[in-house]
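Enquirer: Just dropping this structure here.
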Amino acid sequence: MSPAVAPPRPRVAVFKLASCDGCQLQLLDAEEALLALAERVDIVHFREAGDRSEPGPYDVTLVEGSVSTPEQVEEIREIRGMSRFLVTIGACATAGGIQALRNWQEEGLALHTVYPTPRYVSTLARSTPVSDHVRVDLELPGCPVDRGQLLGALTALLAGTVPRLSTAPVCVECKRRGYPCVLVTKGEPCLGPVTRTGCGALCPAYGRACYGCFGPMPDPNTAELARRFGELGLTGKQVAARFRFIAGWAPEFREAAEATEPQGAGVRP
Ligand code: SF4
Ligand code: SF4
């Protein structure tokens, strides 16, 4: 009788588009949990971790970063074609990221401000989330993505289930953990009431206002929060700047900023 052959392990790939690598580092920093994961799966492409790079198909693909260049449009289409389950990780991949701040500027202004020789740099007019270009099966927000949420999602996917993420606001997490509300007790312009949880209310835990890196919760009451920020003394421009930040290109935050400061200085339609 021939010996039993072990079934192939699920093939996992990690790709990067326009990003700072911080979300991939969350995975690398998981250390023991990552080693345990590596025994259950075959990590066949993960440039941040090593040279191995094998073509698809992949069972689970993680993608960090926004789509910012013409090459990345092609790349994400190829990645989608090779992936059974595609997961975007972090604010860049799910909402365009901090680099989407250029989306409100005069076209080319950021390029000419940042690079000494911009003619060598090819970028799209806008930085956009992966879901604007291909179908995405699961989005894990945050800047960076939450390590526990990422590992939990991977574990669930490998067990054959699609994880369901909480859509509650950060405020709920603050109450659950007993953190004093920074909006009420300190009068700080906290985006927690309209931002989806997943970070464990990290910033309020240190007495700081949330700046919305996990992006908007479903159906957020941004108008009421903007009104409250106004009562705290913020100008319309300052309120808009709170929304136009790391997850600012997410439609709900984009609309909230637009309602406060329509087509502000330098803003493109
Ligand atoms: S979401 Fe934040 S940490 Fe992750 S790649 Fe983008 S900028 Fe870096
Ligand atoms: S509290 Fe807000 S800004 Fe801070 S990590 Fe959580 S979602 Fe991001």
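Each reported figure results from applying straightforward, stated rules to the coordinates on display, with no laboratory input. If you're wondering where the values come from, they're calculated on a predicted model, not measured in any experiment. Quick reminder, even Gly has a Cβ in these numbers, built from the backbone with ideal geometry, and neighbours come from all protein chains shown.
Enquirer: Looking at Gly233, Gly207, Gly198, which is the one that is within 16 Å of ligand 1 (Cβ to nearest atom), in a loop (DSSP other than H, G, I, E, B) and out of contact with any Cys (no Cβ under 8 Å at 6 or more places or on another chain)?
Expert: Criteria check complete, one pass: Gly198.
Enquirer: Would you confirm whether any residue within segment 41-56 is of a type in the set (Ser, Thr, Tyr) and within 14 Å of His133 (Cβ to Cβ)? Write out each step before concluding.
Expert: Start the filter on segment 41-56 by keeping residues that are of a type in the set (Ser, Thr, Tyr), which leaves 53.
Add one more test, that the residue is within 14 Å of His133 (Cβ to Cβ), and what stays is none.
Within segment 41-56, none of the residues are of a type in the set (Ser, Thr, Tyr) and within 14 Å of His133 (Cβ to Cβ).
Enquirer: Consider Thr235 against the criteria (1) more than 24 Å from Gly97 (Cβ to Cβ); (2) touching a Ser or Thr at 6+ places or on another chain (Cβ under 9 Å): it satisfies all of them except one. Which criterion is unmet?
Expert: (2)
Enquirer: Hey, could you check segment 195-227 for residues that are more than 11 Å from ligand 2 (Cβ to nearest atom) and of a type in the set (S, T, N, Q) and say which is surrounded by the fewest Cβ atoms within 10 Å (Cβ to Cβ)? Give the derivation first.
Expert: First, the residues of segment 195-227 that are more than 11 Å from ligand 2 (Cβ to nearest atom): 207, 218-227.
Those still in the list that are of a type in the set (S, T, N, Q) too: 221-222.
Values: Asn221: 14, Thr222: 22.
Restricting to residues being more than 11 Å from ligand 2 (Cβ to nearest atom) and of a type in the set (S, T, N, Q), the top hit is Asn221.
Enquirer: For segment 115-140, how many residues are farther than 24 Å from Gly212 by Cβ and of a type in the set (Val, Ile, Thr)?
Expert: Residues that pass the stated criteria total 4.
Enquirer: Okay, moving on. When segment 100-118 is examined, which residues are found to be closer than 15 Å to Pro70 by Cβ and among the charged types (D, E, K, R)?
Expert: Glu107 - this is the single residue of segment 100-118 that is closer than 15 Å to Pro70 by Cβ and among the charged types (D, E, K, R).
Enquirer: Collect the residues in segment 77-127 that are in a strand (DSSP E or B) and surrounded by fewer than 21 Cβ atoms within 10 Å (Cβ to Cβ), keeping them in residue-number order.
Expert: Listed by number, the residues that qualify are Arg84, Phe85.
Enquirer: If you check Pro180, Pro262, which single one turns out to be part of a loop (DSSP other than H, G, I, E, B), under 22 Å from Ala110 (Cα atoms) and over 23 Å from the mean Cα position of the chain (by Cα)?
Expert: That would be Pro262, the only listed residue that is part of a loop (DSSP other than H, G, I, E, B), under 22 Å from Ala110 (Cα atoms) and over 23 Å from the mean Cα position of the chain (by Cα).
Enquirer: How many residues does segment 1-57 hold that are outside any loop (DSSP other than H, G, I, E, B) and either over 24 Å from Cys213 (Cα atoms) or among the aromatic types (Phe, Trp, Tyr) (or both)? Steps first, please.
Expert: First pass over segment 1-57, keeping only residues outside any loop (DSSP other than H, G, I, E, B): 11-16, 18, 22-28, 32-40, 42-46, 53.
Cutting the leftovers down to either over 24 Å from Cys213 (Cα atoms) or among the aromatic types (Phe, Trp, Tyr) (or both) gives us 11-13, 15, 32-40, 42-46, 53.
Result for segment 1-57: 19.
Enquirer: Return the pairs, sorted by first residue and then second, in which the second residue is assigned to a helix (DSSP H, G or I) and within 16 Å of ligand 1 (Cβ to nearest atom), the first residue lies in segment 185-204 and is touching a residue at least 40 places away in the same chain (Cβ under 8 Å), the beta carbons are less than 6 Å apart, and the residues are 6+ apart or on different chains.
Expert: Close Cβ pairs satisfying both conditions: Gly198/Gln149.
Enquirer: Taking the condition of being within 16 Å of the chain's Cα centre (by Cα) and over 18 Å from Cys171 (Cα atoms), how many residues in segment 213-251 meet it?
Expert: Final tally of qualifying residues: 7.
Enquirer: In segment 83-112, which residues are under 20 Å from Val41 (Cβ atoms), in contact (Cβ under 8 Å) with a residue 40 or more places away in the chain and not hydroxyl-bearing (Ser, Thr, Tyr)? So that I can check it myself, show each step before the final result.
Expert: First pass over segment 83-112, keeping only residues under 20 Å from Val41 (Cβ atoms): 83-89.
Adding the requirement that they be in contact (Cβ under 8 Å) with a residue 40 or more places away in the chain leaves 83, 85-89.
Selection gives Phe85, Leu86, Val87, Ile89.
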